[in-house]
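K.L.:
Here's a structure for you.
The values are calculated or read from the model by the stated rules, or taken from the named source; none is laboratory data. The model shown is predicted, which means the values in this text are computed figures rather than measured ones. So basically every Cβ, Gly included, is an ideal-geometry build from the backbone, and we count neighbours across all protein chains shown.
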Amino acid sequence: MGWEKMVGVDGGKMNVKGGGVGIGDGIGGRGRGIILRLMDGVKERGGGMGIGGIWRGGGEGDAMMMKVD
């Protein structure tokens, strides 16, 4: 994606456990599941920072950044 080049992100580290649509929910109703999958994914990679986001519908969204040891 174009924003990956612009921001300089490693695309291989993005959305490695799938997102809301990929796990069966397009409007973020499974926010808890997304956050738990994020925590597990960061732990599997030895800890560090992770950001999880959800779409709430109507053009709104939320994101959460966490540090996992």
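K.L.:
Could you tell me how many of the residues in the range 1-37 are farther than 11 Å from I54 by Cβ and either at pLDDT 65 or above or among the aromatic types (F, W, Y) (or both)?
P.N.:
Residues meeting the conditions: 19.
K.L.:
Okay, moving on. Keeping to the range 35-54, report how many residues are assigned to a strand (DSSP E or B) and loosely packed, with under 13 Cβ neighbours inside 10 Å.
P.N.:
The qualifying residues number 3.
K.L.:
Condition first: surrounded by 12 or more Cβ atoms within 10 Å (Cβ to Cβ) and under 19 Å from K13 (Cβ atoms). Now tell me which residues in the range 55-69 satisfy that.
P.N.:
M64, M66, V68
K.L.:
How about the range 41-54: which of its residues are over 18 Å from V9 (Cα atoms) and basic (K, R)?
P.N.:
K43
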